[in-house]
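All of the numbers you see were taken from the coordinates with simple rules; none came from a lab. Since the model is a prediction, treat every value here as computed from it, not as a measurement. Cβ placement follows ideal geometry from the backbone for every residue including glycine, while neighbour counts extend to all protein chains displayed.
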Amino acid sequence: MIIDCHGHYTTAPKALEAWRNRQIAGIADPGAKPRVSALKISDDELRESIESNQLKLMRERGADLTIFSPRASFMAHHIGDFEVSAAWSAICNELCYRVSMLFPDSFVPAAMLPQSPGVDPASCIPELVKCVKQYGNVGINLNPDPSGGHWTSPPLSDRHWYPIFEAMVEYDIPAMVHVSTSCNACFHTTGAHYLNADTTAFMQCLTSDLFKDFPTLRFIIPHGGGAVPYHWGRFRGLAQELKKPLLQEHLLNNIFFDTCVYHQPGIDLLTKVIPLANILFASEMIGAVRGIDPETGHHYDDTKRYIEASHQLSSAERRQIYEGNTRRVFPRLDAQLKNKGH
Ligand SMILES: [Zn+2]
C-alpha cells in the first residue's frame, strides 16, 4: 500500500472560497457576516472536485491512500479572531470528513485547528476532539506561527503549546507542523515561509527538552524538513555544543520528515542523511508547485518517481517509506486499516 501522508483539499468547490470571502468581509461589517448554513456544497460537487483532481492523479501515479487535510494556505489563522477561525476550521474539517466518507478507501482526514494569534491553544481542543472522535481524523496540522509570518507565538517547546501536546498524547495522534499564508511581505508563502517554518520548528525542538516531557509526542516536519537534512552536520554540531544528546536519541524518536521534495537530488540527499525509519512518503500534490519539470517531463510533485528511481533504496526500504513508517507514526490510521483487513 502506498500512503501519501500530506495532501490538502486545494481543489474544493468555489463556493467555499466565496463563503470565506464573505466571512472576512463580515469582520469589518458584522451585517455582512454569513451563516455557516449559507454554505451549500453537494456530495456530487465534492465527488467531482476529487475525482477529476487528487483521485485521478493518485490513480495515475499509483498512490492508494492520502491523509487529507484542509488547504494549508487557506487556514490563514491570522485573519479575524478565535470565533472566525473556529467557524472556518469547522467548515473545512467537515468537508475533508465528507470526502473521506465519499471515498473511504482513498482518503483519511487530518484536521486543521482553530488557532488564532494570542489565543490560548487550549481553545483548539474541542475541535480536535470532535475531529478525532466523530470524524475519524488520524492527525492534525499544527501551525507554529498563527500570526502568518510575524512569529508572535512562543516556540513549540514552550508550555503555551502543552494543552495541544497533551491532547495529541491522549489520542495518540501526530501533528504535521505546518504554517499557513504569510502576511509578511518578506516571506513568500510556499517558497520561504513554509521552508523557514520547517527549519525553525526543528531547531525549536533541538534547543529544548520537549520530548523529555512528552516522550511519545510525534511531529512530521513537512517539505522534506526544510533546510534540515541539507544542513544535518550543522544541527548535529549545534546539539553537541548545547550538550544535548545525539540527534538520534534527542529528536528522532519524535520527529519525522516527509518526501515533499521536488527533484531527484533532494530525495537522494534526504534518504541518505535521514534514517529510513524517519521518512514518510508524501507529495502535497496539486499544491505549491503544480507544473511540469522540463528536465524530466513529469510533474515536480510526482514524488513517487524519485523514490522509485533512487539507487539507494531497496524495495523493503521503499515499502517502509510508503507504508510502514506512516502506519507507525499514525496509529489511528493503522487501526483503521487493520479493521479493513489491510
Ligand atoms: Zn502542506
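Structure summary
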{"read-out": "Between region 194-212 and region 98-172, the alpha-carbon center distance in angstrom", "value": "17"}
{"read-out": "Burial ordering of His299, His178, His263, fewest other beta-carbon atoms within 10 Å first", "value": "His263, His299, His178"}
{"read-out": "Region 30-80: C-alpha gyration tensor shape, a/c 1.5 cut-off, then a/b vs b/c", "value": "oblate"}
{"read-out": "Sorted by Cβ neighbour density within 10 Å, fewest at the top, the residues Cys92, Cys186, Cys260", "value": "Cys186, Cys92, Cys260"}
{"read-out": "DSSP-defined beta bridges in the chain - what % are antiparallel, rounded to 5", "value": "10"}
{"read-out": "Projected label distance in nm at Arg328 and Asp293, using a 7 Å step from Cα toward the beta-carbon", "value": "2.7"}
{"read-out": "Global geometry of region 61-218, whether rounded, prolate or oblate, following the gyration tensor of its Cα atoms and the 1.5 cut on a/c", "value": "rounded"}
{"read-out": "Separation of the His342 and Lys133 label points, Cα + 7 Å toward Cβ, nm", "value": "2.6"}
{"read-out": "Theoretical ellipticity at 222 nm over the chain - DSSP helices of four or more residues, -39500 (n - 2.57) apiece, nearest 500", "value": "-11500 deg cm²/dmol"}
{"read-out": "Least to most buried among Leu238, Leu270 (fewest other Cβ within 10 Å first)", "value": "Leu238, Leu270"}
{"read-out": "Label-point separation in nm, Ile24 to Ala277, each point 7 Å along Cα→Cβ", "value": "4.4"}
{"read-out": "Coil-residue trypsin sites (Lys or Arg not before Pro) of region 214-298, DSSP, other Cβ within 10 Å capped at 13", "value": "Lys243, Arg290"}
